[in-house]
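Heads up: the structure comes next, in structure tokens.
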Amino acid sequence: MDATEYPLPLSGIRVLDLSHVLSGPWASQTLGDLGAEVLKIEPPGRGDIFRNSPPHVKDRQGKTAPKETALYLSANRNKKSITLNLSSDEGRNLAKRLAAKSDVVLENFRPGAARRLGLGYEQLASENPGLIYCSISGFGQTGPDASKGGYDAIFQAMSGMMSYTGFPDGTERAGPLRAGPSFCDVNAGMYAAFSIAACLFHRTRTGRGQYIDIGMLDTTLAMISHQAMGYLAAGKDAPRCGNGSAFGAPAGLFPCKDKQVMLSCTQDAPFRRLCTVLGIPEAADDSRYSLFRDRVQNAATLDALLASKTQTWLAADLVKRLDEVEVLVAPVNSTEQAYQEPQVQHRQMLRSVDHPIVGPLSMVASPIRLSDTPISEYAPPPTLGQHTSEVLMEVLGLEAADVQKLFAKGIV
């Protein structure tokens with residue numbers, strides 16, 4: 001059978017997505033990429049918080065699209081948008097009916113909020129015992145901080161991640177530094193998606209659903225455990241190294257004529273090849289640099305020597321030459337340059353979709369590569385409430401006239 005004849009792994013699974021911003025939508029987008037039908041619930045008029053977070057994109061006429069932003073578009077493809085006013089009894093009742101016909105419910109309210117709406121796990125599972133219910137929150141559902149909210153930077157700081165991100169003490173820019181992308185949100189979303197998939201497999205054997213409690217502080221601690229183990233196992237915290245490495249030298253950014261390159265050449269044999277390419281083969285025999293431990297101790301002078309040579313090269317020429325001798329190196333790219341890389345283009349990490357408001361839209365593809373069930377469908381992120389009528393009529397069996405009444409009353 002041809003690979004395209006197999007359904008995607010999660011085909012037939014319905015996800016009721018009550019989440020917003022990034023961690024929850026990232027999880028549900030991953031499930032949607034893998035074939036699940038994702039019903040994204042949004043407040044009428046406002047929509048997901050990310051719909052109002054700049055930068056906004058332009059519509060087909062070049063005007064600002066008020067509810068279409070880069071952040072929203074990044075995490076909401078392969079979904080259906082349904083507007084529901086969950087502050088109303090009718091809106092909550094419709095959400096309960098949708099949950100009864102779903103395999104998964106995903107939410108990232110503060111702990112207790114879903115229960116107060118009548119949409120908590122116990123309340124929904126009583127009508128749907130096979131339901132898999134995933135809550136993502138800042139600190140998890142239990143503990144002294146459970147009621148607190150938080151964003152990505154809070155967890156970077158609290159987890160210890162920022163303590164070993166940044167430039168070392170004694171340097172001009174010393175101090176902790178926040179990583180730019182929202183790693184903690186995306187990481188929590190991936191843990192949630194993986195946990196949901198595991199519970200779906202468990203259900204095939206037991207028929208039972210279960211509750212998943214994902215805390216962003218927990219998942220951040222897990223993400224950085226390879227650094228934390230230095231303290232846990234040896235009592236020594238990971239040092240801040242800037243763009244360098246605590247595990248060897250030379251490693252870090254080096255200047256070229258036009259831009260910087262990232263170099264990682266900590267082992268003896270690649271270091272010797274690097275010195276040959278840069279025209280300083282004698283450095284590989286210098287007692288300060290010939291052995292791994294010596295290079296670590298004399299990294300500052302070594303970096304200065306190498307920089308004096310790399311700055312005579314164009315970045316592309318140096319990368320090409322070092323690639324030929326198997327020295328690990330990469331240019332420091334802008335976003336535009338990253339997507340011009342031949343490897344990135346070969347892997348088709350950009351996909352074009354036709355958005356109903358924006359028009360042709362480039363999106364970052366899923367990195368998941370499956371041999372028999374490749375991800376090939378990329379439905380554009382839905383406009384606010386785009387599928388409300390369709391879902392209420394097809395899933396819940398409402399008549400068109402009933403749906404129109406709900407619109408008129410502001411329920412949807």
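Under a Cβ-only charge scheme (Lys and Arg +1, Asp and Glu -1), can you give me the dipole magnitude of segment 279-412 about the Cα centre, in debye to the nearest 20?
280
For the chain, the longest stretch holding no GluC sites (Glu not before Pro) located in a DSSP loop with at most 16 other Cβ atoms within 10 Å is which?
Of all site-free stretches, the longest is 173-325.
Any chance you could give the angle, 0 to 90 degrees and rounded to 10, that helix 89-100 forms with the longest Cα principal axis of the chain?
Rounded to the nearest ten degrees, it is 70.
Let me know the charge dipole size of the chain about its Cα centre in debye, to the nearest 20, where only the beta-carbon of Lys, Arg (+1) and Asp, Glu (-1) is charged.
Details: 41 positive and 43 negative charges, 139 e Å.
The dipole of the chain has a size of about 660 debye.
Over the chain, with a Gaussian network built from C-alpha contacts below 10 Å, which listed residue (227, 210, 337) shows the highest mean-square fluctuation?
Sorting by GNM fluctuation, first place goes to 337.
Can you grab the distance from the C-alpha centre of segment 343-412 to the C-alpha centre of segment 153-226, Å, no decimals?
Each part's Cα centre sits 27 Å from the other's.
So which lysines pass the test for residue 409, namely a Cα distance under 20 Å, with those fewer than 8 places away in the same chain ruled out?
Candidates past the 8-residue exclusion: 96.
May I ask you to give the average projected area over all directions of the convex hull of the Cα atoms of segment 279-403, in nm² rounded to one decimal?
14.5
List the lysines whose Cα lies under 30 Å from the Cα of residue 259, skipping any in the same chain that are fewer than 8 positions away.
Result set, ordered by chain and number: 309, 320.
Along the charge dipole of the chain, which of 375, 220, 35 sits closest to the positive end, that is, farthest toward it, with unit charges on the beta carbon of Lys, Arg, Asp and Glu (+1, +1, -1, -1)?
Projecting each Cα onto the dipole axis, the largest value belongs to 220.
For the chain, what does -39500 (n - 2.57) per DSSP helix run (n ≥ 4), summed and divided by total residues, give at 222 nm, in deg cm²/dmol to the nearest 500?
Values: 17 runs with 149 residues, N = 412.
After summing the helix terms and dividing by residue count, I get -10000 deg cm²/dmol.
Apply 1/(1 + (r/R0)^6) to the Cβ-Cβ distance of residue 64 and residue 376, taking R0 = 30 Å, and write down the FRET efficiency to the nearest 0.05.
0.40
Mind listing P(r) for segment 1-148? All alpha-carbon pairs, 10 Å bins, whole percents.
The percentages, shortest bin first, are 11, 37, 34, 15, 4, 0.
Between 157, 99, 307, where does the largest GNM mean-square fluctuation fall for the chain, given springs only between Cα atoms within less than 10 Å?
Most flexible of the set in this elastic network: 307.
Can you list, bin by bin at 10 Å, the percent of alpha carbon pairs in segment 86-221, starting at 0?
12, 34, 29, 15, 6, 3, 0
Quick one: work out the % antiparallel among DSSP beta bridges in the chain, nearest 5.
The antiparallel fraction comes to roughly 50 percent.
Based on alpha-carbon positions alone, could you give the equivalent ellipsoid semi-axes of the chain from the gyration tensor, as √(5λ), descending, whole Å?
47, 25, 20
How much FRET efficiency would the formula 1/(1 + (r/R0)^6) give for residue 174 and residue 291, where r is the Cβ-Cβ distance and R0 is 30 Å, rounded to 0.05?
On the way: r = 28 Å, r/R0 = 0.95.
The calculated FRET efficiency here is 0.60.
All of the numbers you see were taken from the coordinates with simple rules; none came from a lab. As the structure is a computational prediction, the values presented were derived from the model and not from experiment. Here the Cβ is made from the backbone with ideal geometry for all residues, glycine too, and neighbour counts use every protein chain on show.
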